[in-house]
Amino acid sequence: MRSSTLGGPRRLRAAADRAAVGLLLLAAWQLASLAAGDYWFSSPLTTWRTVMAGLQSGELVRHSAYTLGAAALGFAIGGVPGVWLPMLLRRSPRLRRILDPFMVAGYGLPKLALAPLFVLWFGIGAEAKVVLVASVVFFLLFFSTTAGVQAIEPRMIQMARVAGATNAQILRKIVWPSVLPHVFNGIRIATPYAIGGVVISELISSNRGLGYLVQLGATNFSAPDIFAAVATITVVTGAASWVVGLAEHRASRWRGRIANDPTA
């Protein structure tokens, strides 16, 4: 009861601290704009007006949807095999040892350096962005999920087998609940990388998306347009991370019910 009573003040204090940090950042932004000039360093108010104008015209929404769509599709294409491959390799340690050095090499390969090559192969459309995101997300989720699989206590699985549990029951009751926090840890890390990968690919070559807006603003020597696009990218990334956190919270509740319900 005491911890729940203290939870409210702690949350309020954390919210107040975050608001204070946000105000300090806005003040530093405004001071930098005053020092450099609004033409070179767009002020918060000018940036806000540019964002509002982009929202009213629909341009900002259209380009944001394009960037998020490419990031989501690439996340799905790379994330699903990135999670399930370690689950399958769990039952084949020999194959896992064979593939391990190749996975490490693929993980260490700088994916952004391949962005121009993806543009050459797939053109300036969404395909190049999707492939880039998939290549980034796959390895992040693969190694995160692998860490979760390796952290499973083998004796728990042995005891479940002795008790007569099937492979499906072991997967549902032991393996998946144990791996789930590691999966969400990988998703949290991969989310900003996915959006950032699309944006960088759009900076290189694209005619749509938030990265294209940044590049267009630079071409037109318009600091407000650049700041508005960057601010939108920041908000979109933060919103996506918040959605991931909400999904993780709900999944943790499901995980708790599975652990406490022997008939599940």
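The values are calculated or read from the model by the stated rules, or taken from the named source; none is laboratory data. Please read these numbers as outputs of a predicted model, since none were measured by experiment. Methodologically, a virtual Cβ is constructed for each residue, glycine included, from the backbone with ideal geometry; neighbour enumeration extends over all protein chains shown.
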**Prompt:** Considering only the stretch 87-124, how many residues are under 24 Å from the mean Cα position of the chain (by Cα) and touching a residue at least 24 places away in the same chain (Cβ under 8 Å)?
**Reply:** 11
**Item:** Out of Val104, Val130, sole residue that is in the same structural domain as Tyr66 (by TED's automatic domain parsing) and crowded, with 20+ Cβ neighbours inside 10 Å
**Value:** Val130
**Request:** Return a yes/no flag: does the stretch 70-93 have any residue that is under 30 Å from Trp29 (Cα atoms), surrounded by 17 or more Cβ atoms within 10 Å (Cβ to Cβ) and at pLDDT 90 or above.
**Result:** yes
**Request:** With respect to Leu60, determine if the residue is in a helix (DSSP H, G or I) and in the same structural domain as Gly196 (by TED's automatic domain parsing).
**Result:** yes
**Request:** Of all residues in the stretch 235-264, count the ones that are over 17 Å from Arg188 (Cβ atoms), at pLDDT below 85 and either surrounded by fewer than 15 Cβ atoms within 10 Å (Cβ to Cβ) or touching a His at 6+ places or on another chain (Cβ under 8 Å) (or both).
**Result:** 10
**Message:** Any residue in the stretch 64-76 that is in the same structural domain as Ala194 (by TED's automatic domain parsing) sitting within a Cβ distance under 9 Å of a residue that is polar (S, T, N, Q) and not in a helix (DSSP H, G or I)? List the pairs, counting only those 6 or more apart or interchain.
**Reply:** Tyr66/Ser206
**Request:** Identify, by number, the condition in (1) in contact (Cβ under 8 Å) with a residue 24 or more places away in the chain; (2) surrounded by 14 or more Cβ atoms within 10 Å (Cβ to Cβ) that Ile157 doesn't meet.
**Result:** (1)
**Prompt:** Pick from Val61, Val51, Val80: which is free of Cβ contacts under 8 Å to residues at least 40 places away in the same chain and over 30 Å from Tyr107 (Cβ atoms)?
**Reply:** Val61
**Message:** Restricting to the stretch 196-211, count the residues that are surrounded by fewer than 24 Cβ atoms within 10 Å (Cβ to Cβ) and modelled with pLDDT of 85 or more.
**Reply:** 4
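Taking the conditions exactly as written (under 26 Å from Ile200 (Cβ atoms) and part of a helix (DSSP H, G or I)), does Ala65 satisfy them or not? Talk me through it step by step, then tell me what you get.
Working: under 26 Å from Ile200 (Cβ atoms): yes; part of a helix (DSSP H, G or I): yes.
The answer is yes for Ala65.
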**Request:** Hand me the list of helices (runs of 4 or more DSSP H) wholly inside the stretch 149-224 holding 2 or more residues that are touching a Phe, Trp or Tyr at 6+ places or on another chain (Cβ under 6 Å) and under 20 Å from Ala113 (Cβ atoms).
**Result:** 176-204
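Here is a yes/no grid of residues against (1) at positive phi; (2) among the aromatic types (Phe, Trp, Tyr); (3) in a helix (DSSP H, G or I):
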site: Phe75; (1), (2), (3): no, yes, yes
site: Leu85; (1), (2), (3): no, no, yes
site: Tyr107; (1), (2), (3): no, yes, yes
site: Ile124; (1), (2), (3): no, no, no
site: Ala128; (1), (2), (3): no, no, yes
site: Phe138; (1), (2), (3): no, yes, yes
**Asked** Are any of the residues in the stretch 26-38 of a type in the set (Asp, Glu) and not in a helix (DSSP H, G or I)?
**Response** yes
